[in-house]
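What follows is a short report on a single structure.
None of the figures in this text is laboratory data; all of them are computed from the coordinates on show. Keep in mind it's a predicted model, so treat the numbers as computed, not measured.
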Amino acid sequence: MPFANASGAQVERLQRDELTCWRVRQGGAELLVAQQGAQVLAYGRVDQPPLIWLSEDAAFRRGQSVRGGVPVCWPWFGDLRRNPEAVQAAYASEDAAPAHGLVRGLDWQLEDVEQQDGAVTLHFTLDTRAEPLPHWPQAVQPSLRIRLDERLHLHLENHNLGPRPVTVSQALHTYFAVSDIHRVRVEGLAGARYLDTLRDWRPETQAGALAFEGETDRLYLDVPPRLSLVDEGWGRRVQVESLDSRSAILWNPWIDKGARLSQFADDAWQRMLCIETARVLDDVLVLAPGERHRMGVSLWSEPL
Ligand SMILES: O=P(O)(O)OC[C@H]1O[C@H](O)[C@H](O)[C@@H](O)[C@@H]1O
């Protein structure tokens, strides 16, 4: 049932196959968010190509992360065994740990929808006290605030409600839509250190802007607060501004890995790339007892 307020924002609950979603329309922008994983699925301005990419082969199934949008990776990023020891130690099982943590396929609770001053904010939490995560007996509660105004802002909060410090790694795994992977570059990384996961995690230093010429899967450190995705094909610059994060993952699967991915068309690698706002490697989060921490990202586009 849609409901609108005086400023004209419209928030509507709807179903995409097995998933409950919310669609927000406001000021010429449209946002779609799934309750599962508190996952942003789509975002853009109605008169422009989408800013966030959602796979045309996306499956909206319970327990399965949707390919595209902004999956929340938490309380670890990627392969747990590649994480610092303190992140691994928080997981109490000998069994193989799922990639990208435990919360992408779970239902988060929508706490409230706030509409104020031309902005709409959806606030999701995952109550890990009422329903502890499997093999992760830590009293840390994540929440995600998704705010739509002229821009899109995501804030991932961690609240350590327990008596012990807890170390987590995390990412807002944003999939961006691009006109053509051969016509884009990411600016802002020059001089940053990175680990190239495709070359045995070799440490490297970025020279100049990052262009994509093959499979790319890199963990960058010392990342500045502003990165820009320059898209010559669509004549725009997408600004990616982070809050309290100095690590980022840059990813494009290219042809061979793209063919092996779930919910991913054979040629989809040409139309997307990921810039993931993160806390990984030596940038992991150490949460003191009682501590709240917020990591964020804001996204918008400007004409070139
Ligand atoms: O297929 P998923 O579990 O969603 O992971 C998708 C991708 O996420 C990150 O960007 C990793 O760096 C990649 O190695 C991984 O392939």
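Would the range 217-304 count as rounded, prolate or oblate if I go by the C-alpha gyration tensor, calling it rounded below 1.5 in a/c and otherwise prolate when a/b exceeds b/c, oblate otherwise?
oblate
At 222 nm, what helix-only mean residue ellipticity would the chain give, in deg cm²/dmol to the nearest 500, using -39500 (n - 2.57) for each DSSP H run of four or more?
After summing the helix terms and dividing by the residues of the chain, the value is -1000 deg cm²/dmol.
Scale the Cα Rg of the range 78-125 by the rule-of-thumb value 2.2 N^0.38 Å and send over the ratio, two decimals.
In units of the 2.2 N^0.38 Å rule of thumb, it is 1.73.
Taking the Cα centroid of the range 157-205 and of the range 83-128, what is the distance between the two, rounded to the nearest whole Å?
A separation of 17 Å, based on Cα centres.
Quick one: if you take sqrt(5λ) for each eigenvalue of the C-alpha gyration tensor of the range 15-303, what semi-axes come out, biggest first, whole angstrom? Spell out each step's value before the answer.
Details: eigenvalues 144, 112, 68 Å².
Whole-Å semi-axes of the equivalent ellipsoid: 27, 24, 18.
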